[in-house]
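As structure tokens, the structure follows; a few thoughts come after it.
Laboratory data are not the source of any read-out in this text; all were calculated from the coordinates shown. This structure is a prediction, so every number in the text was calculated from the model and none was measured. All Cβ positions, glycine included, derive from the backbone under ideal geometry; neighbour counts span all protein chains shown.
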Amino acid sequence: MRFRIGILDMLPQKHFFGTKMTEGSSVREHGIKMLSLVEKLEDLQAGLDNDTYIDVILQSLPLSYDPFVINYNMNGLEKSINELINMLVQYEATTKKSELSVFVGKASTSKAKDKGARR
């Protein structure tokens, strides 16, 4: 019976280490999911430290977050999980704004070319 409880205790850890954010999904939702798993692991006294949790969360991000991860690691930032999630949400908002401005810029450029071609 004790063996079965041990296996059940390992499920949140397996889920935490195996969770990956899909490209284009909300980083806030992903962060909340990861924080929930961290809290479960803490309740089970999994013995993991904050740095390990942060590393796993950073590794769970899609490739589009590589610039953020590189910056985070190069600057040796020491943040809590909540602070990390807030930083990721800000990064997501910033990158979406810059993608939108590039898209709008391209659209207005093509319209100008079309008007000139009609004359």
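Numbers for the structure displayed
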| quantity | calculated |
| --- | --- |
| Residue-by-residue Karplus 3J(HN,Hα) for segment 46-53, coefficients 6.51, -1.76, 1.60, Hz, glycine and proline x | 5, x, 9, 9, 4, 4, 5, 4 |
| Full-stretch length increase - Phe17, Asn50 - with 0.36 nm per residue and alpha-carbon distance subtracted | 10.5 nm |
| Overall dimensions of segment 15-66 by Cα: Rg and Dmax, Å | 11.0, 33 |
| Mean Cβ count within 10 Å, highest first, over the residues of peptides 70-77, 82-89, 23-30 | 82-89, 23-30, 70-77 |
| 13 Å beta-carbon shell around Leu77, net charge (K/R +1, D/E -1) | -3 |
